[in-house]
Amino acid sequence: MRKNVICLTLCAVLLALCDSAEAQQPEKVPRIGYLASSDPATDSARSEGIRLALRELGYIEGQNIAIEYRYAEGKNDRLPKLAAELVRLKVDLIVVAGGVGTIRALMKATKTIPIVMVGNVNDPVEAGLVESLARPGGNVTGLTNLTADLGGKRLELLKEAVPKLAHVAVLYDPTSRAGVLQVKEVLPVAARALKLTLRSWEVRDADGFDEVFAALSKQRPDGLYVPASGPLLRANEKRIVAFALKSRLPSVYSNREAVDAGGLMYYGADLADSYRRVATYVDKILKGAKPADLPVEAPTKFELVINLKTAKQIGLTIPAHVLGRADRVIR
């Protein structure tokens, strides 16, 4: 009898120790990959915006999530290696801050890890990234940006801000589908309606900017349009902004960060809203949702941002009715 009591007591103690050990084991911290086509400095506003949006949902980096960052710094040939690195780390999902080429590099590296687009692709169905917007079908979902579709509106706003606008230079990367679409199809239609003359300038590598800038200095256009045209333009955005300022050239951009850096105008998706929606995708996937079943979403909120400091610096007076329509004015 006494032996039985001792055995039962020992068993109870061992079970309690096992339960205690299990209770003390830390929960698995989700690991998120983040692949950007640009460099850390250029991408900082976006990565920080997504980080803050995740925090609003209770995901705090360093506490209950870990984020692995990789940056191609505008060099497309680095994308396959960076994508493979994230796959080897066995991350739970990958947020991709880049265009079609960046997403394809990830799709080649993994068919199973969920990939969330942050809104750098105009038509993911046409690009072959998803089967349909309603039912993506594979491991890719997220946001599309409608950037090309907004090209005409950006030209219209630039014309309103600069009433004497007649000749507009357009910088683009000819290897970017989105850039070519805007230059060849979208912008010419809008320019004709606005009675503007467009001249497009190809930039194929980082060394090509100085040559184009020199030519623009001789041509003296009235304005500059910079589309979302691949990682090359994004990685050199500050150079473009600096040239526009030095040349006192009114400029409109497809990237909000360019206006924060000194560009004149931005019109496009409300970025804060986009970051919150990216965070929602991350949350749903970490809770078990499959990318194949999560519809790709288009922006529903848009914003006009005007840098009034830049306007003053280049000697431009923005009409009051245009300023009144701005969602944000940088003073």
Response to the item:
Within segment 29-66, residues being of a type in the set (Lys, Arg), touching a residue at least 24 places away in the same chain (Cβ under 8 Å) and assigned to a helix (DSSP H, G or I) number 1
Discussion item. Tell me the residue from Pro163, Pro221 that is outside any helix (DSSP H, G or I) and touching a His at 6+ places or on another chain (Cβ under 8 Å), please.
Written reply: Pro221
Worksheet item: So Val125 clears everything in (1) more than 16 Å from Pro231 (Cα to Cα); (2) touching a strand residue (DSSP E or B) at 6+ places or on another chain (Cβ under 9 Å) except one condition, right? Which one?
Response: (2)
Discussion item. I want to confirm something. Restricting to segment 130-153 and keeping residues that are closer than 15 Å to Ser176 by Cβ and open to solvent by 10 Å² or more (accessible area, probe 1.4 Å), which single residue is farthest from the chain's Cα centre (by Cα)?
Written reply: Thr147
Worksheet item: Which condition breaks for Tyr69 when tested against (1) surrounded by fewer than 17 Cβ atoms within 10 Å (Cβ to Cβ); (2) touching a strand residue (DSSP E or B) at 6+ places or on another chain (Cβ under 9 Å); (3) touching a residue at least 40 places away in the same chain (Cβ under 8 Å); (4) not charged (D, E, K, R)?
Response: (3)
Discussion item. Being farther than 20 Å from Gly152 by Cα and either modelled with pLDDT under 95 or of a type in the set (Gly, Ala, Ser) (or both) is the requirement here; does Leu232 meet it?
Written reply: yes
Practice prompt. Give the residues of segment 275-322 that are β-branched (Val, Ile, Thr), within 22 Å of Leu52 (Cα to Cα) and open to solvent by 70 Å² or more (accessible area, probe 1.4 Å), sorted by residue number.
Written response: Thr300
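One line per residue, one yes/no per condition, for (1) surrounded by 19 or more Cβ atoms within 10 Å (Cβ to Cβ); (2) among the hydrophobic types (A, V, I, L, M, F, W, C):
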residue	(1), (2)
Leu157	yes, yes
Ala161	yes, yes
Leu171	yes, yes
Gln182	yes, no
Lys195	no, no
Worksheet, complete the sentence: Restricted to segment 197-236 and to residues being of a type in the set (A, V, I, L, M, F, W, C) and touching an Asp or Glu at 6+ places or on another chain (Cβ under 9 Å), the residue surrounded by the fewest Cβ atoms within 10 Å (Cβ to Cβ) is Val212
Worksheet item: at pLDDT below 95 and under 27 Å from Ala161 (Cβ atoms) - does that describe any residue in segment 242-250?
Response: no
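The values are calculated or read from the model by the stated rules, or taken from the named source; none is laboratory data. Everything numeric here is computed off the predicted structure, so don't read it as measured data. A quick note on method: Cβ atoms are made from the backbone with ideal geometry, for glycine too, and the neighbour counts reach across all protein chains shown. We work out accessible area using only protein heavy atoms, side chains counted, and drop any ligands, DNA or RNA first. Shrake-Rupley method; radii C 1.70, N 1.55, O 1.52, S 1.80 Å.
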